[in-house]
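Trainee: Have a look at this one before I ask anything.
Please treat every number below as a calculation from the coordinates, not as lab data. Here the structure is a predicted model, which is why all the values come from computation and not from measurement. Don't worry about glycine lacking a Cβ; one is built from the backbone with ideal geometry, like all the others, and counts go over all protein chains shown.
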Amino acid sequence: MKIAICDDDDYYLNFVYERVDQFFTAKSLLVNIHKFTKPSELLEAHINQPFDLIFLDIVFKADLGIDYVNRLKNIKMNTIIILMSSYEQYIFDGFEVGAFQYLTKPINETLLLSELERASHTIFNLERKIPFYTYNGLTCLSVNEINYVEIAYKEFFIHTDTETYSGTNRKSEFKLTDFDEFGFVVINKTLTVNLRKIKFYSKCTLTLYNDELLDISRLRKTSFEEKYINYIRSLS
């Protein structure tokens, strides 16, 4: 896992670094932690080798860290960004741009470790691999690669941004609900969708981040909304 901490205050830069390092050392997990004092330097490094988790201060001498959140996420959509600031007036703006959490200074160490636990759990889930026996042989895809799964006519189709994988499902090896544990939600009788890939929904139509449109059946609309709202709440 690659982690970045960006703050022009040396105290908080080192405070967060030490807690993050101790957290993963205690779990015997190897991570790469990088420190930055300017968001522009963080962005440049993120372009070359994207980070999985970023702790980002909001107010810098010449910049606002919050202005970089969208640019960072455009490089890697699922990068988790935790904002830090002494200024509470930015809390709403932080969640509007998709921050995972907002830590107010002085930083509460218990809350920091709690959010670090939640963030690392989310990242490890995204990296989990699911095996599929496709027509081309065994294929293992990470949860984060899959947009949605389609099961119909004794076949399955795994839709990603770059390719659709298919295989036989004659013995019903897969059911739509099998993917619930990975953060998917069934939206009609043939499709289950990765909640992380949903950009927004309106009435009975989902829009994914790749701008693909999917239909929600009337029978599934209520259960979909409950799961989607719970998912959104889990991010804040």
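Trainee: Residues in the range 199-236 that are under 17 Å from Asn147 (Cβ atoms), in contact (Cβ under 8 Å) with a residue 24 or more places away in the chain, within 16 Å of the chain's Cα centre (by Cα) and not in a helix (DSSP H, G or I): how many?
Mentor: The total comes to 3.
Trainee: Read through the list (1) under 23 Å from Asp10 (Cβ atoms); (2) part of a strand (DSSP E or B), then give the number of the only condition that Ile130 fails.
Mentor: (1)
Trainee: Identify the residue in the range 151-198 that is part of a strand (DSSP E or B) and among the hydroxyl-bearing types (Ser, Thr, Tyr) and, among all such residues, is nearest to Glu127 (Cα to Cα).
Mentor: From the range 151-198, those part of a strand (DSSP E or B) are 151-152, 155-160, 164-168, 184-186, 191-194, 198; that's our starting set.
Next, from what is left, pick out any that are among the hydroxyl-bearing types (Ser, Thr, Tyr): 160, 164-166, 168, 192.
Details: Thr160: 15, Thr164: 19, Tyr165: 19, Ser166: 21, Thr168: 25, Thr192: 19 Å.
The selected residue is Thr160.
Trainee: Ok, one more. Looking at the range 9-23, which of its residues are buried (at least 17 other Cβ atoms within 10 Å of the Cβ) and either within 19 Å of Pro50 (Cβ to Cβ) or in contact with a strand residue (DSSP E or B) (Cβ under 7 Å, 6 or more places away or on another chain) (or both)?
Mentor: Tyr12, Leu13, Val16, Tyr17, Val20, listed by residue number.
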